[in-house]
1. Output the peptides 26-36, 63-73 sorted from most to least packed, where packing is the average of other Cβ atoms within 10 Å over each peptide's residues.
2. Given H placed 1.01 Å from N in the peptide plane, which residues other than close sequence neighbours of TYR69 have an amide H under 5 Å from its amide H?
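Just so it is clear, none of the values below were taken in a lab; they were calculated from the coordinates. All values reported here derive from a predicted model rather than from experimental measurement. Neighbour counts are summed over all protein chains in view; Cβ atoms, including those assigned to glycine, are modelled from backbone coordinates with ideal geometry.
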Amino acid sequence: MHQPNSPAEDISSLPQTFISSLRQLFAILDKTSCGHVHFEIFKRYFDGSAPTPDFLNELENESRSNNNYITFNSLLSVIS
């Protein structure tokens, strides 16, 4: 039976240049440099241009456990 990859394995499979670009995007959205961005900001940014139809839904689900905030690691978790 196939076991899903751990988050660390999934993240390590992403190209470093892609991760670096995501980190820059996250830093731009994190205007207060607090390490998290409210889901609504991602929704406004990606609404209508999300990479996949489920991206915003998955991001919203991920944010619920953190008072609707996304951390960089949770963003990577959704993407990978």
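1. Working: 26-36: 12.2, 63-73: 15.0.
Output ranking for 26-36, 63-73: 63-73, 26-36.
2. PHE39
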